[in-house]
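The values are calculated or read from the model by the stated rules, or taken from the named source; none is laboratory data. Just so it is clear, the structure is predicted and the values come from calculations on it, not from any experiment. Glycine also receives a Cβ, built like all others from the backbone with ideal geometry; neighbour counts cover every protein chain displayed. Note: areas computed on protein heavy atoms with side chains; ligands, DNA, RNA excluded. Shrake-Rupley method; radii C 1.70, N 1.55, O 1.52, S 1.80 Å.
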Amino acid sequence: MTRKFRRAQKVLTYLSLRKSKRNKKIGLFILGVGLAGYFLIPKPVLLDKISFSRTVYSQEGKLLRLTLSDDEKYRLYEPIVAISENLIEASLLYEDKYFFYHPGVNPLSLLKAFYKTYISKGRRVGASTITMQLARMLYHIDSRTIGGKLEQILRAFQLELHYSKENILEAYLNLVPYGGNIEGVGAASLIYFNKSASRLNLPEAITLSVIPQSPKILFPEKNETESGALKNARWALVKKWIKKHPNTTSEEEILTKMPIVTTSRREMPFLAPHLVNSLLSKYRYKDKVYTTLDLKLQRIIEKKLKNYVERRREIGITNASAMLIDYRSMAVKTVVGSANFFNDEIEGQVNGTRSKRSPGSTLKPFVYALALEQGIIHPMTMLKDSPYSFAAYDPENYDQDFEGPIKAIDALNRSRNLPAVFLTRKIKNPDLYDLIKEAGVTNLKSKDFYGLAIVLGGIELTMEELIKLYAMLANGGLHKELVFLKDEKNLARKLLNKDVSFLTIKMLEKNKRPGHRYRNEWISGDLPVAWKTGTSFAFRDGWAIGIFDHYVLAVWIGNFDGRGNPVFIGRTGAGPLFFEIIDAIKFEKNIKKSYQNEMEGIKEVEVCSVSGNLPNEHCSHKIKTLFIPGKSPIDRCDIHREIAIDKKTRLRSCSEANIEKKVYEFWPSDLLNIFRLAGIPRRVPPPYDPKCSIESKAAFGNPPEITSPITNVVYNLRANKVGKETIPFTVVTDADTREVFWFVDEKLVGRSTGREPFFWHAIPGKFIIRVVDDNGRSDREEVEVSVVE
C-alpha cells in the first residue's frame, strides 16, 4: 500500500513538472509574441501628424482668434494636465468607466454588443472603448462592419502596447468630435463656453462629455432649444455622477447650473486682425499666442479711427492706421492696420503699421537730439531760417517762406526745414543716417543716396520702426525692440545720452495742439504731450506721433497705393485724430500725469534772448534755457557788440580819442535781407573812418562765409555752353560789410554787395574761389568744373 502510494506520488509529481514546463513554454511563447509584436509592428503615431488650430489671446486672456486647422477643423491641442479633471472623469464615466483596467478592449462589453446587434437583432450597440474610438479616428476605420470592428480591436491592442493610458486619453480628448467641424475638448470649450478646457466647471464638463457619443444629434448649436436630446443625455450622465459621488453634490445643484450653450462658431471673435495675422505668420511654432494687446484700448482706438475717417470721408480721408505701445516694457497695446479690414476699396487687409512709408518731418527730433549731444545747440540757440543752397539741393519750407532768426525749440516745433537741414549737415559721427541704421531700420540704401533730404522724409520706414525711435527718447536713449508676446525678452542698446533724450522731449512738449493759439501749460490740468507731425512729399502721408504718460502713440493717414491728397497733412490731418485718441485714453485710464524723468545732469542757465548764446555784458534781455554742462555750447553772444563812434564824424573810429561807445546788433547779411523783405528795420553800424587801416578793420567782426560754390562738388558744363554758363557766387557777411570782392585763383573776377549773387562765367578746371570783404576779412573754397556732352 505504501509502495503503491509512493509510486502514484511520483507519477503525479512527474505529470506536474511536465505541466509546469508546458505552461512555462506557453508563457514564454506569449511573451515572445508580445515582444515580437512590440518591436516588429511599427509604433503607431498619435498626434504628431495631426494638424491643430491655433489661438491668439489678449493680455487679459481674452480670445482674439481661433484658427482652422489645415483640414478645416476647429481642433485645439490641450495636454492632459491642462484639461479639467471634471471633464476627464465625466468622459470616462459616460464613455468607458473601465478604461484604466482593460487592455484596450472590454471583452464583456463586446460580447454583450455582439449578442444585442447580431443575435437578438436589437438596436446596434458599438461597445467601443476609448482606445477603440481613438483607433477608429486615427485610422479612419468603418467600425460598422465586422471586418472594420476586427481592425479596430487590433489597432486598439496596438495602441495599448505602445502608449500609456494617459497618452491614449490625451489623444482621445484632443480628437473626439463635438459637433460640426469641432474636434477636441480644447476647441469645444472655447467655442461653446468661451474658456479654456482647464477652467470648465462640472455642469460644463458634463455637457461636453455627452456630445461625442452622438455629435450630429447632440450638436449644441442646433439642439439646446429644439429636440431636448442634449438635455436628456446630460440628465443621464448627472445620475451616474451622483451615484458615484453621493456626498459631494446634488442633482438639483448640478442641473440648475447646467449651461445653455449660447455661442457658436459664427460668433467666434475676429479681433485685432492685422496684429493677429502678423503674429500667426511670425510665430508659426506657437499653437497658443499670448499677446500684450490691451483689448479695451484696441476697441477705443478702432472706434476713434473709424469715426474720424467717416467724418472726413468727403474731403478724401478714407484710410488711417494707428499703434500704441507702453514704452516702459515696449509692450504693444494696440495695432490698427487700416480703417476697415474688410474694405477692399482701401486695401483694408494691408497692415499700415508694417508698411514702408515716407515719415515726412517726424525724424527731425533726432537731428536736434544729435545736435544737442554734439554740443551744437541748446533749446534756445538761434538758428537761421533763411535761403541756403546745399550744393545742388535747395530745400524750402512748407509755406515757401522764411522766418529769419529762430530759436531751436521753435524751429523744431514749427517744423522749419532750413534749420533742420543745416543741423543735419553739421552733425557727425553719428549723423541721422548712422542713428537710424543702428536703431535697426531695414532696407536702407547708402548714405549718399539720401543725402541731406533724409531729415525731410527722403527715407522710408515703418510705423513700428518710427515708434521705436520715439520710445528710445522716452527710455532715456535706450533703444529696445517691440514686445508683442507676454513672455518675450527685450535687450536694450544705448544710442543717445539720457539728458539729451529728456531735453528733446521737453522741447517737443512745447508743440501746441492743433487749433490751440496758446501755450499748452496755460491749460489747467492739461496732459503734456511731446509730439511731432510729418507730411511726405506730394501729400502722400500725414503723420502724428508722440509721447504721453507711459505711452507712445503713432497715427498715419493716407492711401496704401501712394495716391496723394492735399488734406494728408500731419498737423491738420493726422493731428486731430492723434489727440482724439489721447483724450479717450486719458479718460479710460484716468491719466493725470506727464512723462517724468530725472534732470540729473541738466541745469537752467540764462542766455541772451536775441542770439541764444551765453550773454555778454551788452545783452540787455535774457531768458532761461535748459543746459547740459559739458555738452551744450558755451559761445558768447556776438550779436550785441560795442563799437567806438567818432563824436564829430559819427563814423566808426579806430582810435580812443574823441569817441563814444555804442552797442549795435550785428546781424549776418542773410538775416538782414529777410528783415528788409519783411519790412522790419534793423540799425546797422556806421562805416569805418577812412583813416582806419585795413589791419585794424580786419581784426574786428566775423569773416564772410561762402555759401556757393560748395567745396568737393563737381560742377558740370555742357560742351556747347563753355564760357556761357555761369555759377552763382553767394556769401553771408557781417553787418558792417558793404561790399565783397571775388577772386578766382587770385584773379579778381568781380564784386557784389553780398546781398545779391555774383555770376561767374565758368570754364573747366580746378580753382580756388576767394572772397574778401571791404574790411579785409576773407573766406575760400575749392571748386572743380568739368565738361559733359
So, with points 7 Å from each Cα along the Cβ direction, the residue 356-residue 657 label distance in nm works out to 7.5
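Rounded to the nearest 20 Debye, what is the dipole magnitude of the chain about its Cα centre when Lys and Arg each give +1 and Asp and Glu each give -1 at the C-beta? If you can, show how the numbers build up before the last one.
Working: 119 positive and 91 negative charges, 1241 e Å.
Dipole of the chain, to the nearest 20 debye: 5960 debye.
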Helical contribution to [θ] at 222 nm, DSSP H n ≥ 4, -39,500 (n - 2.57), averaged over the chain, rounded to 500
-10000 deg cm²/dmol
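All other residues with a Cβ under 14 Å from the Cβ of residue 313 taken together, and with Lys, Arg as +1 and Asp, Glu as -1, what is their net charge?
Numbers: positive: 306, 311, 312; negative: 310, 314, 345.
Result for the local shell: 0.
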Tell me, in nm to one decimal, what length is gained between residue 448 and residue 51 on full extension, where the rule is 0.36 nm per residue of separation less the Cα-Cα distance?
137.9 nm
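Taking 0.36 nm per residue of separation and subtracting the Cα-Cα distance, what length does fully extending residue 243 through residue 665 add? Display every interim value, and only then the final one.
On the way: separation 422, 0.36 × 422 = 151.92 nm, distance 10.21 nm.
Taking 0.36 nm per residue and subtracting the Cα distance, the gain is 141.7 nm.
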Take the Cα of residue 194, step 7 Å along the line toward its Cβ, and report every residue of region 50-66 whose backbone nitrogen sits under 17 Å from that point.
56-66
9 Å beta-carbon shell around residue 646, net charge (K/R +1, D/E -1):
+2
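Quick one: if the Förster radius is 22 Å, what FRET efficiency do residue 526 and residue 588 give, using the C-beta to C-beta distance and rounding to 0.05?
Details: r = 17 Å, r/R0 = 0.79.
Efficiency, rounded to the nearest 0.05: 0.80.
At a 1.4 Å probe radius, which order do 600, 460, 170 fall into by accessible area, largest first? Don't jump to the answer; show the numbers that get you there.
Details: 600 125, 460 105, 170 35 Å².
Highest to lowest solvent-accessible surface, that is 600, 460, 170.
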Towards the positive end of the charge dipole of the chain, with charges on Cβ (+1 Lys, Arg; -1 Asp, Glu), say which of 690, 680, 629 has the farthest Cα.
629
Please give the contour-minus-distance gain from residue 267 to residue 434: 0.36 nm per residue of separation, less the Cα-Cα distance, rounded to one decimal in nm.
55.2 nm
With the dipole of the chain defined by +1 on each Lys or Arg Cβ and -1 on each Asp or Glu Cβ, the option from 699, 408, 666 whose Cα lies farthest towards the positive pole is 408
Using a 1.4 angstrom probe on the protein heavy atoms only, line up 245, 761 by accessible area, largest first.
761, 245
Proximal charge balance of residue 454 [Cβ under 15 Å; K/R count +1, D/E count -1]:
+3
Relative to the longest principal axis of the chain, what angle (0 to 90°, nearest 10) does the C-alpha long axis of helix 463-474 take?
70
What's the tally of Lys pairs in region 446-515 whose alpha-carbon atoms lie under 19 angstrom apart, where the two lysines are 8 or more places apart or on different chains?
10
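For a Förster distance of 56 Å, can you work out the FRET efficiency between the beta-carbons of residue 746 and residue 315, rounded to the nearest 0.05?
Numbers: r = 61 Å, r/R0 = 1.10.
With R0 = 56 Å, the Cβ-Cβ based efficiency is 0.35.
Taking a 1.4 Å probe, which of 470, 101, 433 shows the most accessible area, and what order do the others take after it?
On the way: 470 0, 101 185, 433 25 Å².
Result, largest first: 101, 433, 470.
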Find the accessible area per residue for region 668-783; the probe is 1.4 Å, ligands and nucleic acids are left out, and the unit is Å².
53
With every protein chain in place, what's the accessible area of residue 635 (1.4 Å probe, Å², nearest 10)?
100
Using a basic spin-label model with each label point 7 Å from the Cα along Cα→Cβ, how many nm lie between residue 699 and residue 786?
4.6
Acute angle (nearest 10 degrees) that the helix 575-589 long axis makes with the longest principal axis of the chain, alpha-carbon atoms
50
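In the chain, what percent of the accessible surface is made up of carbon and sulfur (1.4 Å probe, ligands and nucleic acids excluded)? Walk me through the numbers on the way to the answer.
Numbers: 20900 of 39550 Å².
Accessible surface attributable to carbon and sulfur in the chain totals 53 percent.
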